[in-house]
Each structure stands twice: as structure tokens, then as C-alpha cells.
Amino acid sequence: MPKTSSSFEDSPPYLYVHTIGCQMNEYDSQRVQQILGVQGYALTGDIDQADVIFLNTCSVRAKAEQKVHSYLGRLRKLKARKPGLKIIVAGCVAQQLGASLLGRFEHLDLVLGTRAISSVGGLLHRAVTRSERLVHLPEVEEDGWDSFLKQGHLTSPGVVAPVTIMQGCDNFCSYCIVPHVRGRERSRPADEVLREIRLLTEHGAKEILLLGQNVNSYGKGLDEGLNFSRLLHRIHEQTTLLRIRFTTSHPKDLTEDLIRCFADLPQLCRWIHLPFQTGSDRILQRMNRGYTSAHYMSLIEQLRSLCPDMGLSADVMVGFPGEAESDFRDTLRLIQDVRFDNLFSFSYSDRPFARASELPDKIPEDVKAARLAELQHLQGEIVLEKNRAEIGSVREVLVEGSSKQSDGRQLTGRTEQNRIVNFEGPTELIGRLVQLRILNAFQHSLRGERTAC
Ligand code: SF4
């Protein structure tokens, strides 16, 4: 068992994990927990107890990157008090800034790029035993896609387990840094995806969340001639899951075939996260998104005509360079027309490598802030109305665990449409589907009770 300090002869070394950003990062952080868990590290929620701090970073938005810098700055004092502490930075900021992070933060020990997660164990060992400060930014995943499987890290998945099916992106939206820090699209062979899902279900997972920057274009570059809808059919046929979800989808790659899966595959949740970014065709073109707002609306119509109770969420951005007031009104109109169940809204910020950072007509910060506030107010009203419309209905919920806010007295789960429902019940229900009558509705969750049957 590795030791990172001489102060704990009988206790294990403790790992503290902090994740900023997307579900891909959450997934990578889980991998790190499991890899280091096998090496004897115990997870702690108390940063002062930590012997290793793993910070997984995001650089998609300037704000997320600023958070990384201030977080690392705050760790300086902690390291001064505890010199044996090892600090690791991984993810997109690590990939983007590389060795310069070590120069700027002298208390930092390891910088791991986006394809270096499987190497964390060996590199940490070198940092601990030889006091080396290391930067590792490999061009490709070193152990290939199945490193997670080879290392046997699947012993305790949650009820909902993420599975990466592809990485990187070929779309080069003009505002986005992802293709530059995560690389070009790579799809994972279907047999490996299925093998991981089977292992996860054997160890208790009931729902799988298939992850990728653009899962709809799954299959590019594989010999198998398989696309994403065929992969969904295979997963459906060859596993015993209660539920399947996927994210993220790109409107230009959402085929009729894939839309049909929502009607044809009972285990596939009637929910999709389909970012539209803006309701203005002029801005969509400047963003290099590859579709129009009319096309986006036609996809929503197809989804809802096949599955009227389809759950819909999306990403939207305000203040892209050149966004006129009329473009912003087009965005609000699209939100009113679709009435999303959930919306992730952001202000545009310049990102390194992204072409939009060179565009003229930048929008002043105060205008961006006012537009974002107006958009979020509108969406808040829509969500509350939609949640209130759920009151009195009976929904099937997959119970995921104890509700964090209830000292363990309440359970929490999700409807197919991805709405969170809290209710009282015994912990034996965790991992099972239950029928809940919806009693009350809030901005971010519902409250329910078990029905007799
Ligand atoms: S689809 Fe566009 S926004 Fe999404 S990761 Fe790729 S380049 Fe970025």
C-alpha cells in the first residue's frame, strides 16, 4: 500500500476528489477513484484528511477554467501545512496548459492530460516514492479502451453507471475547445461496451448512461459497420438493464432511425439532451452547428409525435459574437415553443484555439448578463409550470439512493423523463422501479408517495 506521509501508520492514505465540468469528467473521476482504490487509497470527503487531492478540470467555459486556478491557489496553504500531500490536476485544463501549470503552481505534483487517466496509479506512485513532479499528455489512451476492464475496477457501481462509448469530437463548433483538448472522435468497439455493461449489471447497476461528446455519431472509424441506433439495439437485446440513457446528442446527427429507438426499445428512457445553443439561424451558422432552427424544431416534433411524454433538456448560449437583440428574441421564442424540462444556459466566453474568439462584434458583459437573466427567468417559469402539471400523476421511478437533504430518511430517484422525485421508503427499494404518485412540485424536484400497487 502506498504511503504519502509518515503520519498515518495504521490508516489508509486518503484520496479527495474534486470534479469540475461535464459527465465525462465525472466518469473519469470515478475511474480514478477505482484505480487508486485498488492501490489502497480510501475516498474521503474531508479535504484536510487527504493525502492525495485529485482535481479534474474543465476548460469549456472561461468561468470553469478560472475556478481551477483559484482552487489550486487555495491548496497552497494546505500543502504548506502538509508537505507529504500530493496534488494532481487532470482533464481539459491540464491538457491545454500542460507543464505551465507546474511552473505556475509550485505545490502541484502531477498534470495528467485527457488520455492519461489509466496511468494515474503508476505516476502517483512515482510522485510519492521519488518526489517527482510529472506532466503526462499522451496522444492516445495508453492502455486502449479496455484498460478499465483489464484493471478490474467495476466492483461497486452505483444504481446508475456511466459507460463511455466514444471520445473526442470532429464537429469544431466555432466556440468550442473540446476537439482541441479531447482530440478527434474515437468510438469504442461494441463488444467492449457490452462487456463493461454486463460487468456493471453483474455488480448491481440497473441503469446505464452511455457517454460521449456526440454519441449520435458513434461508429465512425470502427470496422464493425455499426451506428448508434444499432448499438442501442444490441445493448437492449444482450443485457438485463432496467434502463438505458445516453448523452450528449447533436441535432445534425439525430437520425430517424435513432428517434425510432425511443418507441421501439422499452428500456430506453424517453428523455434526450439535445443542445440547440441559439434560436437564430444566422448565429447557428457562425457557430458552425450544421443545422437550422427549423430543422431543430422538426426533430422535436418527430420525437414528440412518437413519444408524447418525451423529456427534453438542452444547452443554450447567450452573447455569441454578433448576437443582435433580434437573434436573442429568436432564442427565447424557441424556448417558449419547445418548453424544455431542463435547460443549461451559459454566457459565451472566448476560448483558446476556438475560431469564435477571433470574431468581431463581441457582446458587452452587462448585455450578456441581462440576456442570461431574462432567459433563465423564462425557463424557470416553464419548468415550474411543467413540474406542477405532474401533481396527481403516477410515475415510474428508479430508486437511486437516499436523498442527501433528508438525513437518510428519504429516498430519491428519477422518472424516465429525468425528473428527480423524493419520497419516503425503506432502503431495500434502492435499485428497484417503484410507482409514485406525485404530491408536490418544486423548481428542481418533485415529491411523491408510493402507490398501493
Ligand atoms: S459538438 Fe460542438 S460543442 Fe459539442 S463537443 Fe463537439 S465541437 Fe464542442
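The figures follow:
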quantity: Only one of GLU365, GLU374 that is of a type in the set (D, E, K, R), in contact with a helix residue (DSSP H, G or I) (Cβ under 8 Å, 6 or more places away or on another chain), surrounded by fewer than 19 Cβ atoms within 10 Å (Cβ to Cβ) and modelled with pLDDT of 95 or more; calculated: GLU374
quantity: Matching entry among LYS77, LYS63 (being open to solvent by 10 Å² or more (accessible area, probe 1.4 Å), within 17 Å of LEU108 (Cβ to Cβ) and either part of a helix (DSSP H, G or I) or at pLDDT 85 or above (or both)); calculated: LYS77
quantity: Members of region 182-204 that are in contact with a Gly (Cβ under 7 Å, 6 or more places away or on another chain) and more than 16 Å from the ligand (Cβ to nearest atom); calculated: GLY204
quantity: For GLU141: the one exception among (1) modelled with pLDDT of 90 or more; (2) outside any helix (DSSP H, G or I); (3) more than 16 Å from the ligand (Cβ to nearest atom); calculated: (1)
quantity: Residue identified as under 25 Å from the mean Cα position of the chain (by Cα), charged (D, E, K, R), open to solvent by 10 Å² or more (accessible area, probe 1.4 Å) and modelled with pLDDT of 90 or more among GLU106, GLU185; calculated: GLU185
quantity: Selection from region 278-320 of residues that are part of a strand (DSSP E or B) and open to solvent by less than 10 Å² (accessible area, probe 1.4 Å); calculated: GLY311, LEU312, SER313, ALA314, VAL316, MET317, VAL318
quantity: Checking PRO179 against (1) touching a residue at least 24 places away in the same chain (Cβ under 8 Å); (2) within 16 Å of the ligand (Cβ to nearest atom); (3) surrounded by fewer than 19 Cβ atoms within 10 Å (Cβ to Cβ), the condition it does not meet; calculated: (1)
quantity: Meets criteria (touching a strand residue (DSSP E or B) at 6+ places or on another chain (Cβ under 7 Å) and not polar (S, T, N, Q)) for VAL338; calculated: yes
quantity: Failed criterion for GLU424 (all others in (1) open to solvent by less than 20 Å² (accessible area, probe 1.4 Å); (2) of a type outside the set (Val, Ile, Thr); (3) free of Cβ contacts under 8 Å to residues at least 40 places away in the same chain hold); calculated: (1)
quantity: Pairs, first touching a residue at least 24 places away in the same chain (Cβ under 8 Å) and under 20 Å from ARG126 (Cα atoms) in region 49-60, second among the basic types (Lys, Arg) and in a strand (DSSP E or B), C-beta under 6 Å, six or more apart; calculated: VAL52/LYS86
quantity: Cβ-Cβ under 7 Å pairs, at least 6 apart or on other chains, region 244-268 side closer than 27 Å to ASN25 by Cβ and part of a strand (DSSP E or B), far side within 16 Å of the ligand (Cβ to nearest atom) and open to solvent by 10 Å² or more (accessible area, probe 1.4 Å); calculated: THR247/GLN23; THR247/HIS273
quantity: Qualifying position, being within 25 Å of the chain's Cα centre (by Cα) and of a type in the set (S, T, N, Q), among THR292, THR278; calculated: THR278
quantity: Residue list for region 379-421, restricted to those being part of a helix (DSSP H, G or I) and open to solvent by less than 30 Å² (accessible area, probe 1.4 Å); calculated: GLN379, GLY380, ILE382, VAL383, ASN387, SER406
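The values are calculated or read from the model by the stated rules, or taken from the named source; none is laboratory data. Treat the numbers as computed from the prediction; the structure is a model and nothing was measured. As a convention, Cβ positions derive from the backbone with ideal geometry for all residues, glycine included, and neighbour counts pool all protein chains shown. All accessible areas refer to the heavy atoms of the entire protein, side chains included, with ligands and DNA or RNA removed. Shrake-Rupley method; radii C 1.70, N 1.55, O 1.52, S 1.80 Å.
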